[in-house]
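For reference, the structure discussed in these notes is given below.
The values are calculated or read from the model by the stated rules, or taken from the named source; none is laboratory data. Quantities reported herein were computed from a predicted structural model and do not represent experimental measurements. Here the Cβ is made from the backbone with ideal geometry for all residues, glycine too, and neighbour counts use every protein chain on show. Just so you know, the surface numbers come from the protein's heavy atoms only, side chains and all, with ligands and any DNA or RNA stripped out. Shrake-Rupley method; radii C 1.70, N 1.55, O 1.52, S 1.80 Å.
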Amino acid sequence: MKIEVKLYASLARYAPDGASGKPFFLEPPEGTTVRDLLIRLGVPENSVKIIFLNGVHASLDRILSDGDQLGVFPPVAGG
């Protein structure tokens, strides 16, 4: 299966080489959860605040499907 991933803001540093700040594709095995994928990328779980899967809020335990679009955001501060 093929998943499109975009890591936003400070999480962009965990993207594969050349993909920082841009969407990239991964091909995880069937049954992979959002958590599994983030572990594979080395993203610390405590650095993740918001997860969107196909434009809808999702949890770390959500199982990914072929063609999914995943967006992951860190906590944001500012004013």
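By the rule of a C-alpha distance below 18 Å, with chain neighbours fewer than 8 residues away ignored, the aspartates and glutamates paired with K22 are E4, D68. Ligands, DNA and RNA left out, the accessible area of segment 1-74 computed with a 1.4 Å probe is 51% carbon and sulfur. Here the label points at K22 and S10, each 7 Å from Cα along the C-beta direction, are separated by 2.5 nm in the simple model. Taking other residues whose beta carbon is less than 10 angstrom from the beta carbon of D68, and scoring Lys, Arg as +1 and Asp, Glu as -1, yields 0. Taking amide hydrogens as modeled 1.01 Å from N in the peptide plane, which residues meet the under 5 Å criterion relative to I50, leaving out close sequence neighbours? Here F73 satisfy the definition. Phi angles across segment 60-76 convert, under the Karplus curve 6.51 cos²θ - 1.76 cosθ + 1.60 with θ = phi - 60°, into 3J(HN,Hα) values of 5, 8, 5, 7, 7, 10, 3, x, 4, 10, 10, x, 10, 10, x, x, 10 Hz, Gly and Pro given as x.
Charge tally for K2 (other residues, Cβ to Cβ under 15 Å; Lys, Arg +1; Asp, Glu -1): -3.
When a/c reaches 1.5 or more, the comparison of a/b and b/c decides; with that in mind, is the chain rounded, prolate or oblate per its Cα gyration tensor? Because a/c hits 1.5 or more and a/b exceeds b/c, the chain counts as prolate. Take every Cα pair under 8 Å whose residues are at least 6 apart in sequence, average their separation, divide by the length of the chain, and the relative contact order is 40 percent.
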